[in-house]
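A short write-up of the structure that comes next.
Computed from the coordinates by the stated procedures, all read-outs in this text should not be read as laboratory data. None of the values given here were measured: they were computed from a predicted structure. Here the Cβ positions follow ideal geometry from the backbone for every residue, glycine too, while neighbour counts run over all protein chains shown.
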Amino acid sequence: MSKTFIAIALSGGLLLLAGCQGGMAVKHDSAAKSAMMAAGLTSEASQALAQAEMDIKEAASKEALWIPAQKALKKAKAAAKQHNSAAVVKYSKKASELAKLGIAQVSYPLTH
């Protein structure tokens, strides 16, 4: 009976590790995609885009993401593909600002 328990525990542990490995690969792919898009952009544009992506993810995780923030991030990514650093900065900052406002709105008191 104890050998069966050990075998089950090891199998579960291996499945858990396999699941973690898959999740890490997805995160790595996302980071690689962002790095590839950032190629040819100024440092400021790359940083602004990375910040906007983090702010959007945070707002989404708190169920506070506004549609205009998503649209601004989409425009920033499109500008990054065209290597237009000025537009990337403009739209990334707008996306970050809107994401932060959405997060702040969640803390407002509810009214009846």
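The stretch between residue 81 and residue 54, if pulled fully straight at 0.36 nm per residue, gains 7.8 nm over its current Cα-Cα span. When only the Cβ of Lys, Arg, Asp and Glu is charged (+1, +1, -1, -1), the dipole of the stretch 40-112 relative to its Cα centre reaches about 280 debye.
Among the GluC sites (Glu not before Pro) in the stretch 41-112, those located in a DSSP loop and surrounded by at most 14 other Cβ atoms within 10 Å of their own Cβ are 63.
Would you mind calculating the gained length between residue 108 and residue 43 on full extension (0.36 nm times residue separation, minus the Cα-Cα distance), in nm to one decimal?
Details: separation 65, 0.36 × 65 = 23.40 nm, distance 3.52 nm.
Once the chain is fully extended between residue 108 and residue 43, it gains 19.9 nm.
For the stretch 89-103, putting each phi into the Karplus relation 6.51 cos²θ - 1.76 cosθ + 1.60 with θ = phi - 60° gives couplings of 4, 4, 6, 5, 5, 5, 4, 4, 4, 5, 5, 5, 5, x, 5 Hz, in residue order, rounded to whole numbers and with x for Gly and Pro.
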